[in-house]
1. For segment 111-128, take each phi angle, set θ = phi - 60°, evaluate the Karplus expression 6.51 cos²θ - 1.76 cosθ + 1.60, and give the result in whole Hz per residue in order, putting x for glycine and proline.
2. What are the ³J(HN,Hα) values, in whole Hz, obtained from phi via the Karplus relation 6.51 cos²θ - 1.76 cosθ + 1.60 with θ = phi - 60°, for each residue of segment 65-79 in sequence order, with x given for Gly and Pro?
3. My understanding is that a pair violates if its Cα-Cα distance is over 29 Å; which of Lys5/Lys116; Lys6/Lys45; Lys2/Lys116; Lys116/Lys142; Lys5/Lys142 do that in this structure?
4. Give me, ordered by chain and number, the residues 5 or more places off Gly141 or on other chains with an amide H under 5 Å from its own placed amide H.
5. Considering every pair of different Cα atoms, what Kirkwood radius, in Å, is found for segment 1-136?
6. Putting +1 on Lys and Arg Cβ atoms and -1 on Asp and Glu Cβ atoms, find which of Thr164, Ile135, Gly104 reaches farthest to the positive end of the dipole of segment 84-166.
7. Mind checking segment 89-158 for trypsin sites (Lys or Arg not before Pro) that DSSP puts in a loop (not H, G, I, E or B) and that have at most 16 other Cβ atoms within 10 Å?
8. Add -39500 (n - 2.57) for each DSSP H run of 4 or more in the chain, then divide by its residues: what number comes out at 222 nm, to the nearest 500 deg cm²/dmol?
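Computed from the coordinates by the stated procedures, all read-outs in this text should not be read as laboratory data. This one's a predicted model, so the numbers in the text were calculated from it and none came from an experiment. Using ideal geometry, Cβ is built from the backbone for each residue, glycine included, and neighbour counts are taken over all protein chains shown.
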Amino acid sequence: IKMQKKRIEFSYEEYSSIAELNLTDRELVEQALVATTQASAQFSKFHVGAAARLSDGQIYLGSNYENTSITSCAEQELLSYLHALYRNFTIASLAVTFNNANLGSRSDFPITPCGKCRQLLLEAEITSGKPIRVIMAGQSGKVLIATGVASMLPLAYSAEYINTQA
Ligand code: THU
């Protein structure tokens, strides 16, 4: 059998601004903007905020947390908090945004989660059994929405590998 070229397609929504979003999405981005003001980003000066809307409608916030020895992304902080509170939870949608406080920098384009956070979010999505709507924004400018984390991490590592039987 010869080598085969494979292709994975990724669809997402693009909006020209936060104003173009529906009310629930816009509310979540606004909460994520609030979360950026609670970031501890003394090293990078890159203030990231995340807001999760759970299946029961409750909204929780997280922001990045930088220490001399550790750095934790806003998404990771939020997931750890939800895990500590509930152990099991279902995120309907998650908004991420940022404010870059470095001189001369811009914050008018959407932030996209790092690889580790994609894996963490994917595992939360798989555990809950419901796709997470991921809303990626800046202080202003375009907004991107992915309708599930699985699409954002093709060929993802799976915990199922561990228990795969011969
Ligand atoms: N960061 C996040 O909090 N979320 C992301 O999606 C990307 C990066 C944080 C980590 C670090 O504190 C700062 O942004 C600079 O990379």
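1. 8, 10, x, 6, x, 5, 5, 4, 5, 4, 5, 4, 5, 5, 5, 5, 4, 7
2. For segment 65-79, the Karplus curve yields 9, 10, 10, 5, 10, 9, 10, 10, 5, 4, 5, 5, 4, 5, 5 Hz.
3. Numbers: Lys5/Lys116 27 Å; Lys6/Lys45 40 Å; Lys2/Lys116 34 Å; Lys116/Lys142 24 Å; Lys5/Lys142 33 Å.
The answer is Lys6/Lys45; Lys2/Lys116; Lys5/Lys142.
4. Answer set, sorted by chain and number: Ile18.
5. Numbers: mean 1/r = 0.0631 Å⁻¹.
Hydrodynamic radius (Kirkwood, Cα only) of segment 1-136 equals 15.8 Å.
6. Gly104
7. Sites meeting the loop and neighbour criteria: Arg106, Lys142.
8. Working: 3 runs with 41 residues, N = 166.
Per the formula, -8000 deg cm²/dmol.
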